[in-house]
Structures are given as C-alpha cells and as structure tokens.
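Below is one structure; the comments refer to it alone.
The values are calculated or read from the model by the stated rules, or taken from the named source; none is laboratory data. These numbers were taken from a predicted model, which means no experiment stands behind them. Please note: Cβ atoms are built from the backbone with ideal geometry, for glycine as well, and neighbour counts cover all protein chains shown. When the accessible area is computed, the model is the full protein with side chains, heavy atoms only, and any ligands, DNA or RNA have been set aside. Shrake-Rupley method; radii C 1.70, N 1.55, O 1.52, S 1.80 Å.
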Amino acid sequence: VQLQAFGGGLVQAGGSLRLSCAASGRTFSNNGMGWFRQAPGKEREFVAGVTWNGGSTRYADSAKGRFTISRDNAKNTVSLQMNSLKPEDTAVYYCAASRYSYSGVSRRDYGSWGQGTQVTVSS
C-alpha cells in the first residue's frame, strides 16, 4: 500500500492541527494503521494506532487526551486530530500501515510508510 501524509504546518502552542493520510494500492481496510513521529536527533516513536476496522485505538502517553486517531475505510484515509499542541510535539509525522490487522507500537510492525509531514509548534 502506498501512503501519502499531509496536513502539517506551523501552529502556536495550544493550537490544533489535523493530519491526514491517503492510502492507495492493495487493500487498505485489512490493516491496522499508525502514526509515528521523529524529532531532530531522536528516534522515530509511536504516537497513535487504530485497528483495521477502527474498533480499537491506542496512544502513546504523550498523546493521550490530546490526539485522536480515526480512519475511513470507504475513503482509504486515516487521520490524526491533534489538540492542545506543545512545542515538544514538533516533529516529522509519518503514517504507516501495519503488517497486521492491529496496530502495534513497534516500527517493526509496520510495512509501509508515508513520506512524512512536518509539524512545528511554536511557544
């Protein structure tokens, strides 16, 4: 599956952004989906994930209560609504398709990656 993420930008602390990821290619609806992020000098880390049917979600502690992941299998899209953004959320955000129907927290669980979209939160 091919993935393209978009929706990043520059926002002030406390603001919101909505990231979207469009999928094409082989069947999208069978796979869990996830969002990861990578800040300069740091490893790529899990942010949020959703199962193949949207029935279950999971979040990193840093995202809980502020971010919401959702998917629309009819439109082959997955989104990440980010509220109450903080400067430490600044990173390149990547969407990824899981190898499985669930969404793991490890990068090894994901076989396809989008190109990334930059999110910058100013203080």
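Observations, loosely collected:
- Remark: the range 86-98, residue by residue, has Karplus-estimated 3J(HN,Hα) of 10, x, 6, 7, 4, 4, 8, 9, 10, 9, 8, 9, 5 Hz, where x stands for each Gly or Pro and the curve is 6.51 cos²θ - 1.76 cosθ + 1.60 at θ = phi - 60°.
- Rounded to the nearest whole Hz, the Karplus-based 3J(HN,Hα) values (6.51 cos²θ - 1.76 cosθ + 1.60, θ = phi - 60°) of the range 42-57 follow the sequence 10, 6, 5, 10, 5, 10, 7, x, 9, 6, 4, 9, x, x, 9, 10, with x at glycine and proline.
- Around the Cα centre of the range 38-123, unit charges on the Cβ atoms of Lys, Arg, Asp and Glu (plus for the first two, minus for the last two) sum to a dipole of about 140 debye.
- Percent accessible area from carbon and sulfur atoms, the chain, protein chains only, probe 1.4 Å: 45 percent
- Accessible surface, the range 6-102, averaged per residue in Å² (probe 1.4 Å): 49 Å²
- By the rule of a C-alpha distance below 24 Å, with chain neighbours fewer than 8 residues away ignored, the lysines paired with LYS86 are LYS42, LYS64.
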